[in-house]
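For reference, the structure is listed below as C-alpha cells.
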Amino acid sequence: CSGRTSTDRMAWSVGKVHLLVYNTVQAIGWGLCLHACVPAGWLRGDHHGVFAQAGSLIKVFQLASALEVVHAAVGLVPSSPVMALMQWAGRSNVLFLVLGAAQPVQSSPMAAVMLVVWSMSEVIRYPWYALSLTGHCPAALTWLRYTAFIPLYPLGVVAEMTVMYQSLQHLEAKKLYSVHLPNTFNFAFSYSIFIKVLLVVYLPMWFSLYSSLLRARKKKLGGKEKAA
Amino acid sequence: MQLQIKTRSGKVVATVHLDAVSTVRELKKAVHESNKRLHPSRQRLTLPLPAGSTAQTKPTVLEDGKTLGDYGLKDGSLLNVKDLGLQIGYSTVFFWEYFGPLVVYPLFYALPHLLYPGVTPPAQRPLVQTLALAYWSFHYSKRIFETFLVHKFGHDTMPIMNLVRNCAYYWGFAAYVSYFNNHPLYTAPPVQQSVVALGLAMLCQLSNLKCHLILSNLRKPGEKGYKIPKGFLFNYITCANYTCEVLGWALFTVAVQAVPAGIFALVGTVQMAQWAIQKHKRLKKVFDGQEGRLKYPRRWIMMPPFF
C-alpha cells in the first residue's frame, strides 16, 4: 500500500490482473481452510481431526501456491524465485511427504497447530497482496500483515519441526523415498536422514528470515509514522 | 589538513591530520590508530555524494594507492566510512578451504571400519578407488600450490563469514563425494572407463594450470585494470580455466560413475558459469572498441558449443 489514491495512475497489465485474480482466489481458499480447521475442528473440541477436516483443502491451495515460484521467476513480483521455491518446497515437503506418510502424526496436536497457523497467516497475506494491487489497502491490514508474523512465525516453525521430528520413526519404519547401495551409479538417499539434516538447518534458516521480516517491518511501519 | 571520518548515520568515528601527498593507505592507518576497531582492511572510504545525487549515484571509493590530493581533499573535508566487518586474507581462506578436502577425502579411504561401521569391505579394493584418491589429492595440492605461487588476487581480504561458508562447501562436498566413492558397497565401472577418463581429466588439470599461469602473467607488476586474456584456449573462450575445471570434474564423475561426484561437478559448474557470465560481460563492457580502446573479440563464454 503506497498510499496512491488515484487509480488512473495504475496500468492494469495482464500480469497485474492475473496476480489480482490469483491472490483473491488464494485469499478465499485459505479462508475456507481456516473455516475447516477452526470452527469445524477445534471448536468442536476435535483438534485431533483438523488434518482430516481441512487437510485436502489445504493441499489444494498449497499446491496452487507453486505458481508463486513462477511469478518470481518471470519477474511478475520482486521476490527471489529461489527463496519462493525453498519456502514452497519446505511446506509441501511437510504437508505431502512427511504428514502423508506418517499417518499417526496427522492427528497430533502439533499438526493441528501447524495447519491453523498456516491458514491464519495466509488469510492475512493474500488479501493484503490483492488489496495492495488495487491501491486501496487499509492501513490496519498492512499493520496486521507486518505484525501477525511475530507470534505466528515461531509458532509455525516449532509446529513444523515437531511434526517432522515425530514422523521420523514412521518414515524409518516404512523406508520411504529412499535408495540404497549397492547400485551401478553408487547413489544412496535416505529420506529420514534428509529430514534430520533439514531439522538442523531449519532453525538458523528461519531465524535469519525472521530477522529480515522484522527489519522489513521497521521500514514499512516505522517509516510511515515518521512520514505522517 | 584535518579530515573527519564519519559513518553513514553521521557519527564521527575518527579525526586525522595528514597532508595532501599522504596515500589512502596511510589515511586508513591513521583512522585505525584513532579507532581501534576499524582495521584498515575493514574500511571502505568514500567521498560524500555531491549535491544533486540520486539514490542511484555510486559514491567514489578511495583507492589505497592514490593520494589525498588526487581526490581533492582539503582541510576540513569529510569522508564516509563503511565498516566491512571482520576481514580475513584471501590466501588464508583459499588455503583452509582446499586443505580440508586433502584431509577429509582420504579419511573414508583409510578408515572404513570406523566410518562405515558394520559393513564388511570387499576382499579386493577396486583400483578406481585408489586412482580417484590420487587424482583428488593431486587436484587440491595443485590448488594450494597455485594459491601461494601462481594466483594474483584482485583483493587482499574478504569478510570472515566467507571462510565459514567456503569451508562448509568444500569440506562438506569432500565428505559427501568420498563417502560414496570409498564405500565398501561401491560398484566400480569397467576399469578401462576409469583409467581413460582419469587420464583425460589429468590433461584438463594440466591445461587448467596453464590457464592460471597465463592469467597470472596478464598484468605486469604495477599495471592495473583489465587486460584481454589471450593464448592457448583463451583465444576461443573467455574463461578457459573454468572450461578445463568443469571438464575435469565431469571426467572424474565418469571415472568413478557415482551420482554424488556428479552432483558436486554440477554445483561447481553452475557457480563457475555464473562467474564466467559476469567476467565476460565485464570484459565486453570495458573493451567496447570506442575511444581507442580495443574491442573484445567474439569468444565463447565458458563451454563451447553451448555458451
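Just so you know, all these numbers are worked out from the coordinates, no wet-lab data involved. Small disclaimer: the values here were computed from a predicted structure and weren't measured. Neighbour counts are summed over all protein chains in view; Cβ atoms, including those assigned to glycine, are modelled from backbone coordinates with ideal geometry.
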_lysines whose Cα lies under 24 Å from that of residue B:285, excluding same-chain neighbours fewer than 8 positions away_ = B:58, B:152, B:220, B:224, B:227, B:230, B:295
*Which order do the peptides A:24-37, B:20-33 take when ranked by the mean count of other beta-carbon atoms within 10 Å per residue, highest first?*
A:24-37, B:20-33
*Relative intensity, log₁₀ I(q)/I(0), of segment B:176-307 from a Debye sum that treats every alpha carbon as a point, q = 0.09, 0.20 Å⁻¹*: -0.34, -1.14
*In a Debye calculation with equal point scatterers on the alpha-carbon sites of segment B:62-171 and no solvent, what is log10 I(q)/I(0) at q = 0.10 Å⁻¹?*
-0.51
*Hey, can you grab everything whose amide H is under 5 Å from the amide H of residue B:88? Only 5+ residues off in sequence or another chain; H modelled, so Pro and N-termini drop out.*
B:158, B:160
*How many lysine pairs does chain A hold where the Cα atoms are under 28 Å apart and the two sit 8 or more places apart or on different chains?*
11
*Can you give the average number of partner chain beta-carbon atoms within 10 Å of each beta-carbon in peptide B:183-192, as a whole number?*
3
*What residue among B:98, B:140, B:71 shows peak mean-square fluctuation when chain B is described by a Gaussian network model with Cα springs under 10 Å?*
B:71
*Pick out, in residue order, every one of the trypsin sites (Lys or Arg not before Pro) in segment B:232-299 that is DSSP loop and has at most 14 other C-beta atoms within 10 Å; say none if there are none.*
B:293, B:298
*Pop out the ³J(HN,Hα) list for segment A:133-144 in order, Karplus 6.51 cos²θ - 1.76 cosθ + 1.60 with θ = phi - 60°, rounded to Hz; leave Gly and Pro as x.*
4, 7, x, 10, 9, x, 4, 4, 5, 4, 4, 4
*Number of partner chain Cβ atoms within 10 Å, mean per residue of A:182-190*: 6
*Across segment B:170-180, in residue order, what do the Karplus-derived ³J(HN,Hα) couplings come to in whole Hz, using 6.51 cos²θ - 1.76 cosθ + 1.60 with θ = phi - 60° and x for Gly and Pro?*
5, 5, x, 5, 4, 5, 4, 5, 5, 3, 7
*Among B:173, B:287, B:108, which one moves the most in a GNM of chain B with springs linking Cα atoms closer than 10 Å?*
B:287
*Once the Cα gyration tensor of the protein assembly as shown is diagonalised, what are the square roots of 5 times its eigenvalues, in whole Å and ordered largest first, as equivalent ellipsoid semi-axes?*
44, 41, 23
_Quick check: convex hull of the Cα atoms in chain B, volume per residue, rounded to a whole Å³?_
177
*Where the centre of each part is set by its Cα atoms, how far does segment B:23-100 sit from segment A:12-29, in angstrom?*
47
_Residue-span extension gain [residue A:203 to residue A:141] - 0.36 nm each, minus C-alpha spacing_ = 19.5 nm
_Rounded Å value of the spacing that divides the Cα centres of segment B:108-130 and segment A:98-136_ = 48
*What is the packing order of peptides B:226-235, A:94-103, taking the mean over residues of other C-beta atoms within 10 Å and listing the highest first?*
A:94-103, B:226-235
*Which trypsin sites (Lys or Arg not before Pro) from segment A:144-228 combine a DSSP loop assignment with at most 16 other Cβ atoms within 10 Å?*
A:175
*Would you mind listing how long chain A runs along its three principal axes, going by Cα atoms, in whole Å with the largest first?*
65, 48, 33
*asked:* Just to check I understand the Karplus step: with θ = phi - 60° and J = 6.51 cos²θ - 1.76 cosθ + 1.60, what whole-Hz values come out for segment B:3-8, glycine and proline as x?
replied: 10, 10, 10, 10, 7, 4
*Simple spin-label model, 7 Å along Cα-to-Cβ: residue B:141 to residue B:4 in nm?*
5.9
*Taking amide H positions as placed 1.01 Å from N in the peptide plane, with prolines and chain starts having none, which residues 5 or more places from residue B:13, or on another chain, fall under 5 Å of its amide H?*
B:5, B:6, B:7
